[in-house]
Amino acid sequence: MDLLKKRIQSDGQVLNDSLLKVDSFLNQQMDPQLMLKMGEEFAKRFQGESITKILTIESSGIAVSIMTGLFLNVPVVFARKKKSVVSNEALYCTKVYSFTKRESNDIIVSKNFLQEDDKVLIIDDFLANGEAATGLATIVEQAKAKVIGIGIVIEKAFQPGAQKLMQAGYRVESLARIGSFSNGQVNFL
């Protein structure tokens, strides 16, 4: 997706050979028009797949997921990293390791929001080692629902996440695929 690539090049900050900071338009501050275009692109890529739900993880995947949900006309569910004090319900739960935060979190989704007949599109902001997407797929499998595909905003193709997910049988669609970082620049595939 050229619009996203241009934004990464103009506003992204390469921190080292494996980290890219995009908090000015994707993470902490969000560009609604870019989110809308990314949602439209994911909807095009997964058009005709009979998706019934979109699943993401808090918090950076929520905005893109909502925009995708608008185009696909389906609800968006997000996995929480902490249990709410008002939650007494049964939960799906799994552990996910964060590459950027270097910590593990339990992620949870209420059993009220995923059913056996759901066809789920997973969306996440980054794909590095595939931990978050794998954790979300595990939650879908716990619900006995079906993962239709995994949409990734930015894939770091030099890390094993996409290969791991595809070897597990998942369709992966990435809007921007990065081959490497060098001299403070992003090199796209």
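The values are calculated or read from the model by the stated rules, or taken from the named source; none is laboratory data. This structure is a prediction, so every number in the text was calculated from the model and none was measured. Note that each Cβ is placed from the backbone with ideal geometry, even for glycine, and that neighbours are counted across all protein chains shown. In case anyone asks, the SASA skips ligands and DNA or RNA and just uses the protein heavy atoms, side chains included. Shrake-Rupley method; radii C 1.70, N 1.55, O 1.52, S 1.80 Å.
For region 51-74, give me the residue count where each residue is open to solvent by less than 10 Å² (accessible area, probe 1.4 Å) and part of a loop (DSSP other than H, G, I, E, B). Steps first, please.
Here is the first cut: in region 51-74, the residues open to solvent by less than 10 Å² (accessible area, probe 1.4 Å) are 54-56, 61, 64-65, 68-69.
Then keep just the ones that are part of a loop (DSSP other than H, G, I, E, B); that gives 61.
Residues flagged as open to solvent by less than 10 Å² (accessible area, probe 1.4 Å) and part of a loop (DSSP other than H, G, I, E, B) within region 51-74 amount to 1.
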Determine whether region 110-133 contains at least one residue that is surrounded by fewer than 22 Cβ atoms within 10 Å (Cβ to Cβ) and among the β-branched types (Val, Ile, Thr). no
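Yes/no per residue for (1) under 24 Å from residue 7 (Cα atoms); (2) out of contact with any Leu (no Cβ under 9 Å at 6 or more places or on another chain):
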| residue | (1), (2) |
| --- | --- |
| 111 | no, no |
| 129 | yes, yes |
| 134 | no, no |
| 151 | yes, no |
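Residues are listed down the side, and each one gets a yes or a no for (1) open to solvent by less than 80 Å² (accessible area, probe 1.4 Å); (2) part of a helix (DSSP H, G or I); (3) touching a residue at least 12 places away in the same chain (Cβ under 8 Å); (4) of a type outside the set (A, V, I, L, M, F, W, C):
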{"site": "6", "(1), (2), (3), (4)": "no, yes, no, yes"}
{"site": "17", "(1), (2), (3), (4)": "no, no, yes, yes"}
{"site": "24", "(1), (2), (3), (4)": "yes, no, yes, yes"}
{"site": "30", "(1), (2), (3), (4)": "no, no, yes, no"}
{"site": "34", "(1), (2), (3), (4)": "yes, yes, yes, no"}
{"site": "49", "(1), (2), (3), (4)": "yes, no, yes, yes"}
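Taking region 147-187 only, how many residues are part of a strand (DSSP E or B) and more than 16 Å from the chain's Cα centre (by Cα)? Write out each step before concluding.
Filtering region 147-187 for residues part of a strand (DSSP E or B) gives 147-156, 172-182, 185-187.
Still in the list and also more than 16 Å from the chain's Cα centre (by Cα): 179-182, 185-187.
Count: 7.
Give the number of residues within region 134-185 that are β-branched (Val, Ile, Thr) and either modelled with pLDDT under 95 or open to solvent by 20 Å² or more (accessible area, probe 1.4 Å) (or both). Talk me through it step by step, then tell me what you get.
The initial filter retains those residues of region 134-185 that are β-branched (Val, Ile, Thr), namely 134, 138-140, 147-148, 150, 152-154, 172, 178.
If we keep only those that are either modelled with pLDDT under 95 or open to solvent by 20 Å² or more (accessible area, probe 1.4 Å) (or both) as well, we get 134, 138, 147-148, 172.
Count: 5.
So which of 77, 96 is open to solvent by less than 80 Å² (accessible area, probe 1.4 Å), over 17 Å from residue 153 (Cα atoms), out of contact with any His (no Cβ under 6 Å at 6 or more places or on another chain) and modelled with pLDDT under 95?
On the way: 77 fails: modelled with pLDDT under 95.
So the residue among 77, 96 that is open to solvent by less than 80 Å² (accessible area, probe 1.4 Å), over 17 Å from residue 153 (Cα atoms), out of contact with any His (no Cβ under 6 Å at 6 or more places or on another chain) and modelled with pLDDT under 95 is 96.
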